[in-house]
Structures are given as C-alpha cells and as structure tokens.
1. Tell me which residues, restricted to region A:673-686, are more than 7 Å from chain B (Cβ to nearest Cβ), surrounded by fewer than 19 Cβ atoms within 10 Å (Cβ to Cβ) and closer than 30 Å to residue B:125 by Cβ.
2. Restricting attention to region B:6-39, which residues are of a type outside the set (A, V, I, L, M, F, W, C) and within 10 Å of chain A (Cβ to nearest Cβ)?
3. If residue A:531 meets every condition in (1) more than 30 Å from residue A:410 (Cβ to Cβ); (2) in contact (Cβ under 8 Å) with a residue 12 or more places away in the chain; (3) not assigned by TED's automatic domain parsing to the domain that holds residue A:653 apart from one, which number is that one?
4. Please state which of the following conditions residue A:363 fails to meet, knowing it meets all the rest: (1) over 30 Å from residue A:50 (Cα atoms); (2) surrounded by fewer than 24 Cβ atoms within 10 Å (Cβ to Cβ).
5. Here is a list: A:84, A:96. Which entry is over 11 Å from residue A:135 (Cα atoms) and assigned to a strand (DSSP E or B)?
6. In region A:154-174, what count of residues is obtained for those that are closer than 21 Å to residue A:339 by Cβ and assigned to a loop (DSSP other than H, G, I, E, B)?
7. For region A:257-316, give me each residue that is among the charged types (D, E, K, R), within 14 Å of chain B (Cβ to nearest Cβ) and part of a loop (DSSP other than H, G, I, E, B).
8. Taking the condition within 11 Å of chain B (Cβ to nearest Cβ) and closer than 30 Å to residue A:262 by Cβ, does residue A:41 pass?
Amino acid sequence: MASSTGEAPESKGTHQYQPRDFKVVGTTPLRPDGVDKVTGRARFGADMNLPGQLVGKVLRSPHPHAKLVSIDTSEAEALPGVKAVVTRDDFAENEAHHDILCNIMARDKVLYEGHAVAAVAATSRAIALKALKKIKVVYDILPHVTDVDEAMKADAPILHDDMFTHGVDPMPTTASNIAGRCEFGHGDVDAGFEQADIIIERNFKTAATHQGYIEPHACVATVTSDDYGELWGCTQGHFVLRNVSASLVGMDVSKLRVTASEIGGGFGGKTTVFLEPVCLMLAKKSGKPVKMAMTRDEVFKASGPTASSSMDVKIGCTKDGRITAGFAEVRYQGGAFRGAPADFGAMCAFACYALENVKAIGWEVVTNRPKGAAYRAPGAPMSVYAVESVVDELAKAIDMDPIDFRLKNAARNGDKSSYGPKFESLGLVETLEAAKNHPNYQIPLGPNQGRGVASGFWFNFGGETCSTLNVNQDGTVAISVGTPDIGGSRASMCQMAAEELGIPYDQVRAIVTDTSSLGFNDTTEGSRVTFSSGMAVIFAAREIIGKLCERAAMMWDIPVEAVKWEEGKAIPAGANAGDFEPLTLAEIADAAGGTGGPIAGHHEYNADGAGVSFGTHLVDTEVDPETGFVKILRYTVIQDAGKAIHPSYVEGQFQGGAVQGIGWALNEEYIYGDDGKLQNAGFLDYRLPVASDLPMIDTVIVEVPNPGHPYGVRGVGETGIVPPLAAIANSVSDAANLRMTELPMSPPRILKAIHQAEAAE
Amino acid sequence: MGIHVSTKINGDDVEFVCDAEETLLDVLRDRLNLTGAKEGCATGDCGACSVTIDGRLTCSCLTLGAEVEGREIGTVEGVAKGNELHPIQQKILDNAALQCGVCTPGIVVAAKALLEKKPDPSEEEIRYWMAGNLCRCTGYDKIIRAIQDAAAEMRG
C-alpha cells in the first residue's frame, strides 16, 4: 500500500527501491497516442506544413574524399523560384560543435560520399533540385579509405591533419586516422592464460549497419527578422538539437523553440543534428518557412550508420569450465569524425563474466564514410559477438552445456566488472536460469538445425531530466515530459503518475512539450526514459500529494501532519481520524481556487542509479547446405527489466532489438566499392528483416529490481540487440559445424564456408 | 503545365491539379493534406505509403498522380468509419502492435486488403502478404498477432 503523509518527500534518499503492490504499473493499458497512429492522424517530421513554406534540398558530394576548392552558386541563385542558397560561408567557425559543423556543411574538405556542400530553398521541389544542378563545385580529389584495418595503416590516406591519437602516452606527433585508444580490465592476463587448459583465439569482422528507421529525417523551420526561430521535426532530443542548432546558426537559445514531432523510429540515429541548422539558415536567409526531408538515399549516405569492426579475442579456460583469462582488442571505424564507440565495445566485451584476469583494448578510427551515430547499445553487439562466439567454442571444446559454462563464470552481485565498477544488483544469472528452463531449450533438433545461446550487457543511463505535472480543475492530470516518446513511453508515464496519485490511468495525459516549456532534458537515449523521466514523474506526483494533503488540511482546518494520502484520497489521520469524509483528488482540485490556486508538481535532477541490464537469447536455426540460407526456426529473448511498467511495450523492445540483431547477423551491411562509394543505399539492396523472414519472437521478462529506482525499473531498450549476433552465429555453428567469424552471415558467405570446409576434408 | 485529375478518395469525389512527375503519394501528402501515407523510401520497398487503387493494394510512391483519373483510391484516413475503428486498427492497439507508429498506416491498409481478399489467412500467408511493409520497431510478432485477431473477429 502506497501512502505518504502531508510532507512532500525529499527526493534525496527516496530514489531507493521500495517493494509495493502495484495497481496500474504492470498492466497493459492502450497507449494515449494510439488512435492517432492507427488512423493516420499522428504528425511525424514530414507531416507538418507552414503557410508559404519553401522546399529545401541539399547538394551532396559525389566523392568520398576531396578538397573543396570552390563553390559557385550564382546560377542557382538566379533561377526563378530560388529564395536562398547556403554554403560553408554562411556558418561561422564553432569550436564547441566543430565536428557537427563540418558534417552538416563541408568546409575545406568533403570526407565521404554524400557529405553536404550546399543547400537551396525554392518554391517547389522541382525548382530546388534544378537549382542544385546549377551549383558549380570544384573538387580536388584525394585518395580515400573506408576499411578500418586499412585506415589504421601508416600509409593510409589521412582524413584530418590535426588528428593525433588520444589515449596513447606520449601522444603521437604525426597525424593518423586513429582518433583514440582505450583500455579496460584488471588482473594479469598473461598469468591467466598460463593457468588455462585450453585457449581459443580468433579474429572477427562485422559490417556497418544502419538504424533503419522507416521515417527519414525531416524538419520545418521559420525565423523572424528579429531572430526568433521555431523548429519542428523528428528528433530523439529536441533540447540538445535546440542548443546545437542555435549555436551553429548564431541565435540565443531562448529565441529558438523546438517542438519534437512524433518520431518514426530512431534507435540512436536521431540523437543527431543534420538538416536542422541548414533549414534554419535557409529560413533566416529567405525570410520564409522552409521544409526539408531526406530521401532514403540521403538517409543511407549521410545519416549515421553504426561502426564496422575488426576484432581479436583470446579466452582461456580450465577443463572444468572456469575462464582463467580474457583478452579482446577491438578496432571500430565510425565514419569521418571522432565517435566510433570502441570504448563501449571494449567495456561491454566481457561484462557478463566475473574474471580475475581480463583486458580489453579499443581503437577508435576514422574513415571516408558518413559520420557514425549511436545505434542501440552502441558498440556492444560487435564485441559481445566476438567474445560470446569464443565462449561457445570453449564450452563445446570441453563438452559442457553452454548455459552451464556461462553460469559457472557469470557476473554476480558484488563482482568487480570487467570495465571497472563493482556490480551491485544484476539479473544475469536469472536470465541464464530462465533460458535453461525454457521449453525452447529442450525441443529436439532435426538435420541441418542448430541451437545457439548468447548473453549480453548494456550499462543503461540516467541523465538530466525534468518533468511537470499539473492538476486540472476536474481532477485529471497533465504530464509534461521533455523526452520524445519513441516506443510508448507516454503510456508508461501515465501509469506511473496514476500509480502514485491513486487515480485511473485514463485520467492522466502525458505530452512531450517543446523546449520553451520545460528545463533542459537529455536526449531519449541510453534506455533512460522510462527510468529517468518516469522517476521525475513519480517525484513530481509525490510533490503533488504533499500539496493535496495541505489543501485538504485547509479545507478541514486541521494540521497537515494529520492528513494522509491513500488510494487517491486525502484521509484525516491521527487524532482527527474519522472526523471527515475523505476528499478525492477531484474534490480537492475543484476547490483549489479557494485554497491557494492551481496545484502542480515538478521534479528536476540529474538521474543516477540506472541499473545495469543483462539478457540471454536462445535461437534455433536451419542452414540450407545447398544455398547457405539461414532460416530462424525459433527465437527467445530473456531479459531483466527490473520492473516492467507496461509489459507489452517491454516485450516490444525485446522483440524489436532481437530482430534488428537478426538483420545485423544475417543480411544487413554497408557495401563499399573500391571507388569509396556506397553500393546499396536503398531498402532493396540493404535488406532489413521482413515479416516472412521471421518466426514469432518469444519473450521472458525477468524482474530483478533496480535498487536505484523506487519501482525497481531498469531501462530495457538497448540490451535486446546485444546477444543476437553471437546467438545466431553459435546456432549456425551448431547447425552446419562452421565457425562464422564475419558478419553478416549472408548466403554467399555461408556457402563459401561450407565449400571450404568440404575442401579441407 | 498542370494536369487536371478527377478521382474518388475514400468515397468522396476529389479533383486536383498536379505536375506530370508527381507521384500519387506527393499529391496525397502535399496537395490534399492526406499525410497518413508516409514516404519511407519512394522506391516501393517499404510499404509506408500503401493505398488501394480500385481495391488493389499498391505503393502510392510508384503511381503517378496523373494515373488515377477515374479511379477509386482508399487511404488510411478512410479505414475507420467516423469514430468507429476498423477491427484491424483496434487489434493493433489491443496488441501493442506499434512502437513509433510510422509504418502503422501502411500496415493498416495492407492488412485490411489482405483480410478482404482472404478472411482466414495462415500465419505464413500473413507474413508473406505483409513482407512488403517494413517495420523496424516491433519485429512483426505483435503485428502478425493483431492481424490474426482481427481476422478472427471479422469472421465472427
């Protein structure tokens, strides 16, 4: 039973998990934005139009690497219907956001095919496209590099002559494409390998994949002559977008109001800034609203794919299955600028294991590819694929069940993690035990069929967050959150507010407000929204409960300490117990005009205590020896959610992450020719999983409460993409007796491996 | 020169003028303000722009606006009858068969077209019919279940 007294609880110290019987949390109500989305009324990035708006289009480099000698826009500007043209000359240098500036509009060089070099706003799309053709750009073509291992070589073409490797002591004095080196671990891996009875060492490669959101980036901007701007668009983080855009365009932050539209998928890829400052600059120069939307070709060529990787892993264990040492060296390229998540890759590689001797090195590399962006647990799926593949081989080598092998080495409460901190509370063992007991682990397999298991980890994040709750005069409640809803989080916010206040779910409505209506909120990323915004909602609701008790005390003329809140009602307590009929939230709200006016609650904080997240996946596949085609027969996701607020949307996160992982494992890949150009910039040739590729995706929600959240919530969005690459590789290995060390495991690659194995016999 | 087109959309007579190169999707979205159909690719690969033309499921990005003279077009905006949702819409909500929702209009139009053609499709038939509608969020599981539920309800 939730109850609190008239004093508003201090947020400090009450972040701790407290067991309770939930009434609304854990149920599966319909989402508040649902009807708009099934009827076509919901407005996404490209669905907004302003009167008199122009159409903006971007001219992009056809070359992967070239000096930008000159840009002549005079003929384009003279074309009737063209209202503004922008180039690098329209944007001032910006130290704080230098890489973003160079990416949204190339400066001295173009660094990848698709790099923006100019943009036009015109009265129609046809005129804008015609104008792009009239812009004369002189390029001085430079040699390029798109492969991570090639880019690290001493004689590779250098992208940035001021890039000196971070994390190497002393810092190199010659420029290279190696942006940074990092290292994590503890113990003595050499001594650990000495103790091993068996050691397996392998190299792995994974291709770059795209987040593949169905909605291309889009925005509409307007700027007045006195520099007030409005921006509408699809983004995972409108506050960050506002800050960066205002800075690049040279506006005061307070003068730019950004509204996050409904967002058609992001998965990390819309934590970015691409079109928006360009759109604002075109609007500013033309004096008219401007709308821009990327084509799918532009999405592939100029928005963030994830890193491709090249990795070495070496793990040793004893005959009875104890890992004695683990070593990984991962090299990630993240496109033309710093930011490849090699650090996260190195940190996550061995996070599932309690190891005495572990070392992981990460290399962050730049290449002539689009600026990489976050993609669901950025950096983790690749390194975990490599480690979990070798773990699987070790278990097979000593003839041990792969789940038993993992249980024997699994990280548990109190263990020092492979990346440094001590684990406080984690549900890895619970997911492994659930996997072992799942009926899908027992189903007999037929010929050419195999079973694979893998576990995975993601940190989860908290971050800067604030939220406001307003009690309406009819007793309903409006929630303002600052984190765009990417997968049903408004429903979860309403559930948490209803739970605290003791009112029905349908009396609460959550809105993602614009940037002028709330303080700064970090982006929707790091699986942080249900955790961080949810906790802000809970504490804002508790503040409201304190105020409702005060108002009831006034109405009864008793001390506030003698009022308690239970099941949505103020109740006289202590000496006054039974003296008055309880007052509902609606009754107190209705009387608020006479007791001090409107009632609202607010909470602002930098959320910490995001609980770590672990999952284990089980997958059965069948490999066709004639074609190399891999069919997914059964798939089971088991993950610790801490506490599932809306279990259906938790399952949805598990299923969506798993299927993105299936695409990564089997089909998806950025394919570059020797000319440094992307060869498959469309959904026909870059093949996302479709409905007919897949079976139903079973889910098991494990709930090991996060001690850092009042309801025990852990983020659930990202971990689901971490295990599938390895789980499928292990399953394929079991089915075809092949160890696939390169992703994707597309039919030609598998067929080649089958033929090589046959030739070796 | 603009081309004058007379057509029927969701049962209502509609006239518009479009350029020769404009797709039906451009016309729906930019001229008629029917933004339910989405442009995910403009190459017929994602299905987010699904509509029916004379009852046949098609990608509106692969049809020119000028081609629909005298035809009958069905869009997501015409699927609900006033405030009464179609069973496929209700079952998508009930099954939480959407996350971001940008593919949902196309899913609704495509699934409705399937069930009108085949009231009792197998799971495999649903999966192959829906293979032209990409969803990146859900992994399709809940979408398939929603279509199965809607089919069962419509069969009565």
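The values are calculated or read from the model by the stated rules, or taken from the named source; none is laboratory data. Bear in mind the structure is a predicted one, so any value in this text is a computation, not a measurement. Don't worry about glycine lacking a Cβ; one is built from the backbone with ideal geometry, like all the others, and counts go over all protein chains shown.
1. A:680, A:685
2. Here is the first cut: in region B:6-39, the residues of a type outside the set (A, V, I, L, M, F, W, C) are B:6-8, B:10-13, B:15, B:19, B:21-23, B:26, B:29-31, B:33, B:35-36, B:38-39.
The answer is B:19, B:21, B:22, B:26, B:29, B:30, B:33, B:35, B:36, B:38, B:39.
3. For residue A:531, the exception is condition (1).
4. The single condition residue A:363 does not satisfy is (2).
5. Numbers: A:96 fails: assigned to a strand (DSSP E or B).
The unique qualifying residue is A:84.
6. Pass one, region A:154-174, residues closer than 21 Å to residue A:339 by Cβ: A:156-168, A:171-172.
Cutting the leftovers down to assigned to a loop (DSSP other than H, G, I, E, B) gives us A:156-165, A:167-168, A:171-172.
Summing the residues that are closer than 21 Å to residue A:339 by Cβ and assigned to a loop (DSSP other than H, G, I, E, B) in region A:154-174 gives 14.
7. The initial filter retains those residues of region A:257-316 that are among the charged types (D, E, K, R), namely A:257, A:262, A:270, A:276, A:284-285, A:288, A:291, A:296-298, A:301, A:312, A:314.
Pick out the ones that are also within 14 Å of chain B (Cβ to nearest Cβ) and you get A:262, A:270, A:291, A:296-298, A:301.
Correct list: A:270 only.
8. On the way: within 11 Å of chain B (Cβ to nearest Cβ): yes; closer than 30 Å to residue A:262 by Cβ: yes.
Taking the combined requirement at face value, the residue satisfies it.
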